[in-house]
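K.L.:
Have a look at this one before I ask anything.
Laboratory data are not the source of any read-out in this text; all were calculated from the coordinates shown. Computed from a predicted structure; not experimentally measured. Note that we place each Cβ from the backbone using ideal geometry, even for glycine, and neighbour counts take in every protein chain shown.
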Amino acid sequence: QVQLVESGGGLVQAGGSLRLSCAASGLTFSRYAMGWFRQAPGKEREKVAAIRWGGGITSHADSVKGRFTIARDNAKNTVYLQMNSLKPEDTAVYYCAASSTWPMWQVDYWGQGTQVTVSS
């Protein structure tokens with residue numbers, strides 16, 4: 001059974017930082033592109049960042065460029081999202097995702113999500 005388990009969400013003040021982690025199991029981790037999506041109430045799910053199989057190529061949404069950084073550690077089967085200079089509009093449920101395509105044309109597996117709340 002494939003599992004993607006997120007952790008690291010919580011409440012943080014505007015301007016603060018948070019690091020999300022996603023631990024994967026049940027799949028050959030290095031063969032999947034990994035990504036982070038988020039969804040705020042009343043809004044569509046948005047792709048925040050993605051990282052290719054080897055970790056050398058990444059993409060970030062315009063709304064988070066310069067503030068968020070995605071990284072992966074294939075030895076630990078874990079993908080991270082470092083979030084700096086957080087804004088209230090970053091408040092959302094953040095989902096970890098795995099895809100056998102690049103740039104993540106389709107998502108094969110989803111995590112359960114972790115809540116990130118940024119206070120003003």
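K.L.:
Would you please list the contacts, defined by Cβ atoms under 6 Å and residues six or more apart or on different chains, that run from a residue in the stretch 45-65 that is at positive phi to a residue that is of a type outside the set (F, W, Y) and buried (at least 18 other Cβ atoms within 10 Å of the Cβ)?
P.N.:
Here the result reads G55/R72, each pair linking the stretch 45-65 to a residue that is of a type outside the set (F, W, Y) and buried (at least 18 other Cβ atoms within 10 Å of the Cβ).
K.L.:
Going by what's in this entry, would I70 be described as under 25 Å from S119 (Cα atoms) and free of Cβ contacts under 8 Å to residues at least 60 places away in the same chain? Steps first, please.
P.N.:
Details: under 25 Å from S119 (Cα atoms): yes; free of Cβ contacts under 8 Å to residues at least 60 places away in the same chain: yes.
Answer is yes for this residue.
K.L.:
Can you tell me which condition T114 does not meet? The list is (1) touching a Phe, Trp or Tyr at 6+ places or on another chain (Cβ under 6 Å); (2) farther than 15 Å from Q3 by Cβ, and all the others hold.
P.N.:
(2)
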